[in-house]
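The next block holds one structure in the form of structure tokens; read it before the comments.
Quick note: the coordinates plus some simple rules give every number you see, no bench work behind them. Computed from a predicted structure; not experimentally measured. Neighbour counts run over all protein chains shown; Cβ positions are idealised from the backbone, glycine included.
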Amino acid sequence: MKKWFKHPLAYVAIILAMVCGLIFVLAAVPGFNKLPSGTQNLRVVVLDQDQSSVSKNIATHLENKLPFKMVTATSFANAKRQLNTRQAALIIQIDKGFYQRVTRGQAPKLTYTVNQSNGLLQNMVTKNVTTQVTTQVASQLTTAKVTQMLAQSAGKALMQKQQAVAKQQVKQQLQAALAKSPQLAQQPAQLKKLQQQAIARVKHQQQQRLMPQVKKQAAATAATLTGQVATTTTKLHALPTNYQYQFAPMFLNLGAYLGIMLMSLVLTLMFMSARHVIGKWSALLAVQLNGFIGVLVAPLVTLGTLRCLISFSSSAFWQLFGVQVLFGLAVFEFTLAIAFLCGGLPSMILQLPLLVSQVVASGAIIPRPALNGFYRWLSTHTPMSQGVYSTFNALYGGANSGYTSALWWLISLSLLAVILIGWLGYRSTKTNPLSRLVPFTAGN
């Protein structure tokens, strides 16, 4: 037993356990420090298609009360584009005829449009928001302000109906005045002033006469305001209710990233040994070829297994295969560059926390706008987030929004880094302990 604990690997094992736990805590937990307040950065689009006084009041109320970035849209096409590109999380549409249904005592209509091809938290938040909006609109419909608007609208409608009568009364008053004072016909200024006075007098008389009727009509309409709202939810790129579909993109890309990261580590160790036997550039070319084969083969196995668990079409399979190959190449070159830079195994000190941080920043759980500054930056500059969103697009739909181009940039820059590090950093002809971990001889 004493001999066992005299061996340094016994303590290395304990240190590894501590370091791994520390890495996960430090890399993952800070990514959640902006929640739940970070969800306020989600954009919600309000589209008022009714453009009545009541609907405008409702739209203003929502913009002031909902704890999100509220924006307005002039057309549904524009709002849908924002939703499809994940610039917006939800569209609240006040349907045409909203005011008419209110005045008729019918439940006015709201339409919610959501893009479900997103992470878990965003889908949960948008679902809660629709319930919250429905409650607020129903409450707002029964307020005194809305009742006052209805009274004003009723008054205007009655006044418009009485316009012909009012014109006739003004005409009669002018004729009576001219009959009494014929000389007014020769005095345009006095006649105009007399006409204005007659109009004001008739308008005042009508208001006094119609006010009881207006109040009665407004009260009758207000009495029908039960606070009921008819809602419809349109799901853009709908997900099945089974949570396997929700989490498939995250675990597919997490598994691919981890496997390719380990592959790049093994190939780096082979390179460090083989370069002394077959030459540096031949070894580097072999690493790239080996990695490319791995990136091509691995998705066929994982996607075939995934298709046994969740249902998706053959066209989605091949689209997803293309996404996984592109994502795999980006991950391979990215992790290979770090492994080359750190000399193989020591790179795990950087690779592991970077992997954990990318999982948090991937968008599979927390939407990108809800992340803090560092994790949001990480989300846009590392492979995982691009792979997760591209997988959502391939499986369920959604606009590309630059994910593919970001992966191509990562491949290009990482490959350039690998070449530069290989050229500048691996010049020594002497072997070291790390290069002897994976022996490579001419006989191999």
Fill in: From phi via Karplus (6.51, -1.76, 1.60), per-residue ³J(HN,Hα) for region 113-118 in Hz, x at Gly/Pro
10, 10, 9, 7, 7, 8
Worksheet item: Any idea how far the Cα center of region 304-321 sits from the one of region 223-280, in Å?
Response: 14
Worksheet, complete the sentence: The convex hull of the Cα atoms of region 243-425, divided by residue count, gives a volume in Å³ per residue of 108
Worksheet item: Among Leu66, Leu371, what is the fewest-to-most ranking by other Cβ atoms within 10 Å?
Response: Leu66, Leu371
Worksheet, complete the sentence: Residues whose modelled amide H sits under 5 Å from the amide H of Asn115, counting only those 5 or more places away in sequence or on another chain, are Leu236
Discussion item. Just to check I understand the Karplus step: with θ = phi - 60° and J = 6.51 cos²θ - 1.76 cosθ + 1.60, what whole-Hz values come out for region 330-345, glycine and proline as x?
Written reply: 5, 5, 4, 5, 5, 6, 5, 4, 5, 5, 4, 5, 9, x, x, 4
Worksheet item: Under the classification rounded if a/c is under 1.5, otherwise prolate if a/b is larger than b/c and oblate if not, where does region 1-154 fall, given a ≥ b ≥ c as square roots of the Cα gyration tensor eigenvalues?
Response: prolate
Worksheet item: Which whole-Hz ³J(HN,Hα) couplings does region 50-58 yield from phi under the Karplus relation 6.51 cos²θ - 1.76 cosθ + 1.60, θ = phi - 60°, glycine and proline marked x?
Response: 8, 6, 9, 4, 5, 5, 5, 5, 5
Worksheet item: Relative to the present Cα-Cα distance, how much length would full extension add between Lys96 and Val266 at 0.36 nm per residue of separation?
Response: 54.9 nm
Item to complete: Taking H placed 1.01 Å from N in the peptide plane, check which residues at least 5 places from Asn372 or on another chain put their amide H under 5 Å from its amide H.
Response: Lys34
Practice prompt. Multiply the residue separation of Phe5 and Thr429 by 0.36 nm, subtract the distance between their alpha-carbon atoms, and state the gained length in nm to one decimal.
Written response: 149.0 nm
